[in-house]
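Where a number appears in this text, it was derived from the coordinates with a stated rule and is not lab data. Just so it is clear, the model here is predicted, and its values are computed rather than measured. Cβ sites come from the backbone with ideal geometry, for glycine too, and all protein chains shown count toward neighbours.
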Amino acid sequence: MNTAVYHAMLVQEAADGSIRRHITLRSVSDLPDHDVLIRVHFSSLNYKDALSATGHKGVTRQYPHTPGIDAAGVVAESRAPQFRPGDEVIVTGYDLGMNTPGGFGEYIRVPADWIVPLPTRLTLRESMIFGTAGFTAALSLLKLEAHGLSPADGDILVTGASGGVGCMAVALLAHNGYPVVAVTGKPEAEPFLRELGAHRILPRPALDDTSGRPLLKQEWSAVVETVGGNFLSTALQSTRRHGAVAACGNVLSAELHTTVFPFILRGITLYGIDSATSGMTLRREAWSRLAGPWKLNHLDRMARAVGLEKLDEEIERILAGRQQGRVLVQLSS
Ligand SMILES: NC(=O)c1ccc[n+]([C@@H]2O[C@H](COP(=O)([O-])OP(=O)(O)OC[C@H]3O[C@@H](n4cnc5c(N)ncnc54)[C@H](OP(=O)(O)O)[C@@H]3O)[C@@H](O)[C@H]2O)c1
C-alpha cells in the first residue's frame, strides 16, 4: 500500500454548518480506490471550485473535501493497461473535485476512463491555463462550427468576457478569425480583452434588456453565453435569424425566462454545453484542437500562477465576479 503523504486544500464543515478551508497533509492511502494514481503538477481555479470550497451542496454533498475540477500531472501508479507510470495526463470534469478529491491536492486517484493523455505540443502548465474554462470554450466553438457558423457571418458575442470561460472564448474565436464583441462589467479589462482580439467591448447593461419585448434588433451571428438569467434571455432575443446561442454558465442566475418567438420566428438554436460529462471522443477532439490549430499565442498572459497557500483569496475573488483571466494553481515547485 502506498502510504505517501501530500499537501492538499481541505474544506471542512463544522457542526453549525460553517465552512473552513486549510492546507493540510493527507495520505495517498485515503484516496478512493480507482485505477490510476496521478501526481498533480497543475490545477486551475474555476467558478465551480469556488462553490465547492464554500460548502455549496449542489456541487459537493459531503465534507471534508478537496476541490479542484481540473488536474494535469504524471501517472504515479496504474492498474489500467493504457496508462503507465511517467505518462503525462489531463483530467477535467466528471466527478473530480465534486465528490472525488480533486486537483487542489498533490495527488488524485481516478478511473482510467476520465483521463486524457496530454497531447504532444501542449505542456502540463499550458493544459491547465486552458483547464475546464478553455475546454468549455472549445466545446462551444465546436458546437457553433457544427451549426454552420463561419467568421463571415459577422459579430459574435461573448458574455462574462473577462472571466475564465469568457476570456478563453474571446481568444479562441478571435484566433479563428471571428469578429468578437465582448460584454464585461469591468471597464479596466478592456485592454486585456482587446489584446485577446475583441474588436468591440460592451458594458453589462447591453445584455440586460428590460424592455419586455420578445424580440430585439438582430445583432449577433452567435453568442457564447456564460452568465445565465436575463443575459441568456437577451442573447436569444438579439441573435440573428438562424443563429445559435451556446449556454454554459449561471453566475447571474440559473433561471431562464423567455418566449418561444426567438425559436419559432427566427429559427434560433439554443445549445447547452456540459464540459463535465462530455464523452472521450469529443474530449480528445477538443484537446487536440487546443494543442494544435487553436493553440493561443498569448496563453501565458491569460493566467496568474498561485500556490495552494494563495488560493483562498482567489476563491473569494472569483465568487465576487472580480477575476480577470485564469488562475493557474501550481502544485509542484
Ligand atoms: N457548462 C459547463 O461545462 C461549464 C464549464 C465551466 C464553467 N461553467 C460555468 O460558466 C460560468 C463562468 O465560469 P468561470 O469559471 O469562467 O467563472 P469566472 O471566471 O468567475 O467568470 C464569470 C464572469 O461572469 C461575469 N459576471 C460575474 N458576475 C456577474 C453578474 N452578476 N452579472 C453579469 N456578469 C457577471 C464576470 O465577467 P465580466 O466582469 O467580464 O462581466 C465574471 O468574470 C459559471 O457559471 C460556471 O459554473 C460551465
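How would you order 224-236, 155-167 from highest to lowest mean count of nearby Cβ atoms within 10 Å?
Values: 224-236: 26.2, 155-167: 28.6.
Per-residue Cβ counts within 10 Å, averaged per peptide and sorted highest first, yield 155-167, 224-236.
Using 28 Å as the Cα-Cα cut-off, could you pick out the over-long pairs in Lys48/Lys310; Lys48/Lys186; Lys143/Lys217; Lys57/Lys295; Lys143/Lys295; Lys57/Lys217? Listed pairs above 28 Å: Lys57/Lys295; Lys57/Lys217. The label point for Ala112 and the one for Asp208, both projected 7 Å from the Cα toward the Cβ, are 5.1 nm apart.
GNM remark for the chain: springs join alpha carbons under 10 Å apart, and the peak mean-square fluctuation among Ile19, Ile115, Ile129 falls on Ile19.
Find the relative contact order for the chain and round it to a whole percent, using C-alpha pairs within less than 8 Å whose residues are 6+ positions apart. Don't skip to the answer; put the middle values down first.
Details: 758 pairs, mean separation 59.0, N = 333.
Result for the chain is 18 percent.
Residues Asp208, Asp70, Asp30 in ascending order of nearby Cβ atoms (within 10 Å, fewest first): Asp30, Asp208, Asp70.
The residue list Leu172, Ala133, Ile268 was ranked by how far each Cα lies along the charge dipole of the stretch 132-272 toward its positive end, using unit charges on Cβ atoms, and Ile268 comes out on top. Dividing the summed helix terms, -39500 (n - 2.57) for each DSSP H run of n ≥ 4, by the number of residues in the chain produces a 222 nm estimate of -7500 deg cm²/dmol to the nearest 500. Positive end of the dipole of the chain (Cβ unit charges, origin at the Cα centre): among Leu328, His199, Gly212, the Cα lying farthest that way belongs to His199.
With both bridge residues required to lie in the stretch 132-272, what share of the DSSP beta bridges run antiparallel, to the nearest 5%?
Rounded to the nearest five, the antiparallel share is 0 percent.
Applied to the stretch 78-83, the Karplus parametrisation 6.51 cos²θ - 1.76 cosθ + 1.60 on θ = phi - 60° returns per-residue 3J(HN,Hα) values of 8, 9, 9, x, 7, 10 Hz, with x for Gly and Pro.
Can you tell me the length gained on complete extension of the stretch Val74 to Leu265, counting 0.36 nm per residue apart and subtracting the Cα distance?
On the way: separation 191, 0.36 × 191 = 68.76 nm, distance 5.16 nm.
This chain segment gains 63.6 nm when fully extended.
DSSP assigns beta bridges within the chain; of those with both partners inside it, close to 55 percent run antiparallel. List every DSSP H helix in the chain whose Cα atoms extend 15 Å or more along the helix's own long axis and whose mean Kyte-Doolittle hydropathy is at least -1.0. Helix filter hits for the chain: 124-147, 164-175, 280-291. Here each label is just a point 7 Å from Cα along the line to Cβ, and for His199 and Lys295 those points are 2.7 nm apart.
Modelled this way, with points 7 Å down the Cα-to-C-beta line, the labels at Glu316 and His242 are 5.2 nm from one another.
In this structure the amide hydrogen of Phe104, modeled in the peptide plane, comes within under 5 Å of the amide hydrogens of Gly68, none closer than 5 places in sequence on its chain. Each part gets one Cα centre, and for the stretch 51-89 versus the stretch 196-257 those centres are 33 Å apart. Fully extending the segment from Asn99 to Thr3, taken as 0.36 nm per residue of separation minus the present Cα-Cα distance, adds 32.4 nm. Could you tell me the calculated FRET efficiency between Tyr63 and His147, based on Cβ-Cβ distance and R0 = 30 angstrom, to the nearest 0.05? Calculated value: 0.15.
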